[in-house]
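> Before we start, here is the structure in question, set down as structure tokens.
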Amino acid sequence: MKRLTYLLRRLQWALLSILFVITLNFFLFRVLPGDPARAGIRDPRLTAQAQQAIRERFGLDKPVINCFETLNPLKLGKCGVNPLETQFFIYVGNLLRGELGTSYHTNRPVSSMLGEALLNTVLLVGAAQVFSIVFGIILGLVAAWKSHTAVDFTALTASLVAWSLPTFWLGIVLLFAGSTWLGLPVVGKLTPGMAYPHWGAKAADLGRHLILPTLTFTIVVLGEYMLVMRSTVLDVLSEDYILTAKAKGLSTFQILKDHALRNALLPMVTIVALNLGFTVAGAIQIETVFSWPGLGLAIFDAVGRRDYPMLQGAFLLIAVSVITANLIADLLYSYLDPRIQAGQS
Amino acid sequence: MKPVTGQKTLLSVRHLSVGYESEGKLLPAVEDVHFDLREGEVLGLVGESGCGKTTLMLSLLRLLPVAGRITRGEVRFGGQDLLDLSETEMSQVRWRDIAMIFQGAMNALNPVLPVEQQISEAIRRHDASVSAAQATRRVEELLEMVGITANRKDQYPFQFSGGMRQRVMIAMALACRPQVLIADEPTTALDVMIQAQILELLLELRERLGLAVILVTHDLGVVAEICDTVLVMYGGMTAEYSDVDRVYNHAVHPYTQNLLKAFPDLSQPNARLISIPGYPPRLDALPSGCRFSPRCPAAFERCHQETPGLYTVEEGHTARCFLVEGKV
Ligand SMILES: Nc1ncnc2c1ncn2[C@@H]1O[C@H](COP(=O)(O)OP(=O)(O)O)[C@@H](O)[C@H]1O
Ligand SMILES: [Mg+2]
């Protein structure tokens, strides 16, 4: 019961945050230098008529927001217009229908472009995160248990190095090494122009394309997870209840699995969740190096093309992922820590 | 009204010395300690904070922190020296033969596991033939035995008060029917009323189960009331060791005498130990000679130069003090 209220409160916060982000995201792109109309219409040879037509097409002829005379002493926005006719309300209305506008560059709906990109990113990030979470936790646990031995020293050094390697540099090195010595494909998601006899062959091709970017990403994140896990486990191992567990005669494996792991996972959950939310965007470097058609590459390209609707959509998507990841972390946390279930902190 | 203790010696500690490694040096936290524990005996271990009580107890179970080293001695139990056992053999002795309640037991229970799991894992670790259902029944019995209703077994440690948590800890310590129970300041963090209840419970269970107990405490009143023998430690060494009557009425070591003077009213078990002027020695700056000599009212020339041996006052009464030397 208390747990339910806890969950509802978290959900409420998440929704509020999303509303806030939507508003901020809308105005951010109207406040930034270079108004969205200009950005879309860069060709000076366009006639005024053509420009106006484009403005109308993207809805940029409408007032940004109405002024709400009584509520707004500064009289910002345009007064005397129907609020439903302003860009803001149209934007929100479209959002509710799942529409994020049309890309200036491709003229395709932003939502479907982002959808494809997100799927590719999730494929890459998902695989890499699963590997680094599993190996990071195991390595951290072992290093902490064997702290100050050669095992620990090796794992620690390797993780520090992995953590401090510049992502794009590691990507390029692996790209050269992988393509030269292993003959792995280096660009994109599928071999261009290839005909596949059945879906299995296509999946295999996709898998081969995934290897290098996933490896790069795994190495980069693994180091961080291992280091965090190691220090958390070290803290946990110095707790009194670990001494109790040893005194009970439990085996090393039992102590690590039943007593250390569960408690050490609590801080890990938070870090992984935060990371997950941000890596949706944080894959930019890797996606650029490997031309992986994910969200990062889409953002990178959109910035270059001043494709505001695309950027706006991508920012919203990232914000929503971060908020969702946090919500999931809260839920997991409440599952792992009984003190939260009972409404204590 | 002390229960008659059996004659068989369960645990016999000889020349036990323990050090902590620190900056390449070995700090002598416990040195040359001897004691015996017979069946059903309650041994009181007293001394100021930092005199090595916890270190001594942890070394019996070989649970010292990583910096700790047992440098010398024997811990004989059941015909073998526990210090010679392999780690696996030692882990079988833990809890099944010798269980321990820790100082600061507030955090001795895992916060994210229900108490049943924490008790039953000990039972099943030491007897693989016990089924999950049998273990649950045993946990219920144990909880009832320490005055907790069995249906609280699914609760988590934070749902129990301090005193209740210590009861859970006691139930857990008795889970494998050990022969020896070490209780390291089991009541320190509790308020006075609860302290008395917990001690009473410990005593009652001890009598019922015929346990031998080592009770580490600051409280000389408690010792006088419930212990059969007393080991007084100072600066990691035995100051005086004997049965409780002789320690209280014929103490020979100036440190023991001072402890008792600072604690005159034995009918008031709740009064606290008042410390003697001066400070206990630091392990990295030990005085030469007897470790108590800088604070000792009876110290003479020799005390500052030589470390006294452990002298026998009379059968079953030893003290580490030159005043005793040659009295036998
Ligand atoms: N992990 C450790 N590393 C170094 N020194 C320690 C450690 N634990 C305890 N000591 C030292 O050993 C001495 C005895 O400590 P302890 O056994 O806890 O005493 P008591 O239980 O009587 O209060 C103290 O001087 C303490 O500072
Ligand atoms: Mg202590």
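The values are calculated or read from the model by the stated rules, or taken from the named source; none is laboratory data. Keep in mind it's a predicted model, so treat the numbers as computed, not measured. Counting neighbours? That spans all protein chains shown, and the Cβs are built from the backbone with ideal geometry, glycine included. In case anyone asks, the SASA skips ligands and DNA or RNA and just uses the protein heavy atoms, side chains included. Shrake-Rupley method; radii C 1.70, N 1.55, O 1.52, S 1.80 Å.
> Please verify whether the stretch A:232-240 includes one or more residues that are assigned to a helix (DSSP H, G or I), among the small types (Gly, Ala, Ser), within 11 Å of chain B (Cβ to nearest Cβ) and more than 31 Å from the chain's Cα centre (by Cα).
No.
> Then there's this: Would you point out the residue of the stretch B:169-194, among those that are more than 16 Å from ligand 1 (Cβ to nearest atom) and open to solvent by 30 Å² or more (accessible area, probe 1.4 Å), that is farthest from A:Tyr335 (Cα to Cα)?
Filtering the stretch B:169-194 for residues that are more than 16 Å from ligand 1 (Cβ to nearest atom) and open to solvent by 30 Å² or more (accessible area, probe 1.4 Å), the one farthest from A:Tyr335 (Cα to Cα) comes out as B:Gln179.
> List every residue pair whose Cβ atoms lie under 7 Å apart, where the two residues are 6 or more positions apart in sequence or sit on different chains, the first residue falls within the stretch B:43-59 and is within 18 Å of B:Val230 (Cβ to Cβ), and the second residue, located anywhere, is near ligand 2 (Cβ under 9 Å from one of its atoms) and polar (S, T, N, Q).
Here the result reads B:Thr54/B:Gln103, each pair linking the stretch B:43-59 to a residue that is near ligand 2 (Cβ under 9 Å from one of its atoms) and polar (S, T, N, Q).
> Condition first: within 16 Å of ligand 2 (Cβ to nearest atom), touching a Leu at 6+ places or on another chain (Cβ under 7 Å), in contact (Cβ under 8 Å) with a residue 60 or more places away in the chain and not hydroxyl-bearing (Ser, Thr, Tyr). Can you find one or more residues in the stretch B:62-81 that meet it?
Among the residues of the stretch B:62-81, not one is within 16 Å of ligand 2 (Cβ to nearest atom), touching a Leu at 6+ places or on another chain (Cβ under 7 Å), in contact (Cβ under 8 Å) with a residue 60 or more places away in the chain and not hydroxyl-bearing (Ser, Thr, Tyr), which makes the answer no.
> Going residue by residue through the stretch B:69-79, is there one that turns out to be within 16 Å of ligand 1 (Cβ to nearest atom) and small (Gly, Ala, Ser)?
Yes, the stretch B:69-79 has at least one match.
> While we're looking at this one, here's another question. Can you tell me how many residues in the stretch B:48-61 are more than 6 Å from ligand 1 (Cβ to nearest atom) and over 21 Å from B:Leu211 (Cα atoms)? Before you say what the answer is, go through the steps one by one.
First, the residues of the stretch B:48-61 that are more than 6 Å from ligand 1 (Cβ to nearest atom): B:48, B:56-61.
From the residues that got through so far, the ones that are over 21 Å from B:Leu211 (Cα atoms) too are B:48.
Counting residues in the stretch B:48-61 that are more than 6 Å from ligand 1 (Cβ to nearest atom) and over 21 Å from B:Leu211 (Cα atoms) gives 1.
> Can you tell which of B:Tyr248, B:Tyr241 is in a strand (DSSP E or B) and open to solvent by 10 Å² or more (accessible area, probe 1.4 Å)?
Step by step, each of B:Tyr248, B:Tyr241 is checked, and only B:Tyr241 is in a strand (DSSP E or B) and open to solvent by 10 Å² or more (accessible area, probe 1.4 Å).
> Between B:Gln166, B:Gln197, B:Gln159, which is open to solvent by 10 Å² or more (accessible area, probe 1.4 Å), more than 16 Å from ligand 1 (Cβ to nearest atom) and under 20 Å from B:Glu121 (Cβ atoms)?
The conditions single out B:Gln159.
Yes/no per residue for (1) among the aromatic types (Phe, Trp, Tyr); (2) crowded, with 18+ Cβ neighbours inside 10 Å; (3) away from every other protein chain (no Cβ under 11 Å):
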residue: B:Met100; (1), (2), (3): no, yes, no
residue: B:Met106; (1), (2), (3): no, no, no
residue: B:Leu109; (1), (2), (3): no, yes, no
residue: B:Ile119; (1), (2), (3): no, yes, no
residue: B:Arg138; (1), (2), (3): no, yes, yes
residue: B:Thr149; (1), (2), (3): no, no, yes
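> Just checking, which of B:Tyr241, B:Tyr255, B:Tyr248 is touching a strand residue (DSSP E or B) at 6+ places or on another chain (Cβ under 6 Å) and at pLDDT below 95? Full working, then the answer.
Numbers: B:Tyr241 fails: at pLDDT below 95; B:Tyr248 fails: touching a strand residue (DSSP E or B) at 6+ places or on another chain (Cβ under 6 Å).
One residue alone meets the criteria, B:Tyr255.
> Next up: For B:Arg96, state whether it is within 14 Å of chain A (Cβ to nearest Cβ), in contact with a Gly (Cβ under 8 Å, 6 or more places away or on another chain) and open to solvent by 50 Å² or more (accessible area, probe 1.4 Å).
Yes: the conditions hold for B:Arg96.
> Considering each residue of the stretch B:281-310, count those that are open to solvent by 40 Å² or more (accessible area, probe 1.4 Å), away from ligand 2 (no atom under 16 Å from the Cβ) and part of a loop (DSSP other than H, G, I, E, B), and give that number.
So the answer is 10.
> Same structure again: Any chance the stretch A:252-268 includes a residue that's open to solvent by 40 Å² or more (accessible area, probe 1.4 Å), away from every other protein chain (no Cβ under 11 Å) and over 30 Å from B:Pro178 (Cβ atoms)?
yes
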